[in-house]
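K.L.:
One structure is given below, represented as structure tokens, and several questions about it will come after.
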Amino acid sequence: MRLESLITFYHRLTPESLAQLTDFYAKEAYFKDPFNEVRGVDAIRKIFEHMFQQVAEPRFFVTEHVADGSGAMLVWEFHFRMRWPRSSARLVRGVSHLKFNTDGQVTYHRDYWDAAEELYMTLPGLGLLLRGLRRAIRA
């Protein structure tokens, strides 16, 4: 598997394209993000399926990548809307650390992004509280 094909897969990700996940991820692949930690391609598929249920218009854009033969770091933007009336477009920026097996499939996928800054601070109520806390502890 070539990294460019995987990046294209992320860019074109849809509920229907999740059937191709086994082309890119090893059967027992590990996945972790700020909300989930699972093992196995079926469990990873469920995370993506849940994403499509929770948000509208989700799109990943890989803006940079660094790779060697055994792994890669992808810098990405995730664009979406909450499924709330009059929800505005949102953006989360993050990085994925990937490791590949000898067949080029992903065996390790760890997403790094700041859930507090990128998500919680934008929510009514909770965001107000977190912005106040941030001001109180800022140097």
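K.L.:
What does the charge count near LEU18 come to, summing +1 for each Lys or Arg and -1 for each Asp or Glu among other residues with Cβ under 12 Å from its Cβ? Write out the running numbers ahead of the final one.
P.N.:
Values: positive: ARG12, ARG45, LYS46; negative: GLU16, ASP23, ASP42, GLU49.
So the environment of LEU18 carries a net charge of -1.
K.L.:
Out of ASP42, ASP103, ASP23, any idea which swings most in a Gaussian network model of the chain, alpha carbons joined below 10 Å?
P.N.:
ASP103
K.L.:
Next question. As I understand it, the dipole of the range 3-113 uses +1 on the Cβ of Lys and Arg and -1 on the Cβ of Asp and Glu, about the Cα centre. Which of SER70, VAL41, TRP84 lies farthest toward its positive end?
P.N.:
Checked the options; the winner is TRP84.
K.L.:
Lys/Arg Cβ at +1, Asp/Glu Cβ at -1, dipole of the range 3-113 taken about the Cα centre: which of THR107, LEU18, VAL55 is farthest positive-ward?
P.N.:
So the residue furthest toward the plus end is VAL55.
K.L.:
Could you give the length gained by full extension between ALA19 and ASN36, i.e. 0.36 nm per residue of separation minus their alpha carbon distance, to one decimal place? Display every interim value, and only then the final one.
P.N.:
On the way: separation 17, 0.36 × 17 = 6.12 nm, distance 2.04 nm.
Working it through step by step, the gained length comes to 4.1 nm.
K.L.:
What are the DSSP H helices in the chain that stretch 15 Å or more along their long axis, judged by alpha-carbon atoms, and whose average Kyte-Doolittle hydropathy comes to at least -1.0? Spell out each step's value before the answer.
P.N.:
On the way: long enough: 41-54 (20 Å, -0.22); 126-137 (17 Å, 0.92).
Passing helices, by number: 41-54, 126-137.
K.L.:
Taking only Cα atoms and a 10 Å spring cutoff, compute GNM fluctuations for the chain and point out the largest among ARG93, ARG12, ARG45.
P.N.:
Of ARG93, ARG12, ARG45, the Gaussian network model singles out ARG12 as fluctuating most.
K.L.:
Just check the range 1-108 against the gyration tensor rule for me: Cα atoms, a ≥ b ≥ c as the square roots of the eigenvalues, rounded for a/c under 1.5, and otherwise prolate or oblate depending on whether a/b exceeds b/c. Write down the numbers at each step before the final one.
P.N.:
Numbers: a/c = 1.97, a/b = 1.52, b/c = 1.30.
Since a/c reaches 1.5 and a/b is larger than b/c, the shape of the range 1-108 is classed as prolate.
K.L.:
Connecting C-alpha atoms closer than 10 Å in a GNM of the chain, tell me which of GLU16, GLU57, GLU77 has the biggest fluctuation.
P.N.:
Result: GLU16 has the largest fluctuation of those listed.
K.L.:
As a check on your grasp of the helix formula, calculate [θ] at 222 nm for the chain: sum -39500 (n - 2.57) over DSSP H runs of n ≥ 4, divide by the residue count, round to the nearest 500.
P.N.:
That calculation yields -8500 deg cm²/dmol at 222 nm.
K.L.:
Quick one: putting +1 on the C-beta of Lys and Arg, -1 on the C-beta of Asp and Glu, what dipole do you get for the chain around its Cα centre, in Debye to the nearest 20? Before the final figure, lay out the partial values.
P.N.:
On the way: 19 positive and 17 negative charges, 137 e Å.
Roughly 660 debye, rounded to the nearest 20.
Every read-out reported here was derived from the displayed coordinates using simple, explicitly stated rules and does not represent laboratory data. The structure presented is a predicted model; accordingly, all values stated were derived computationally and were not measured. Methodologically, a virtual Cβ is constructed for each residue, glycine included, from the backbone with ideal geometry; neighbour enumeration extends over all protein chains shown.
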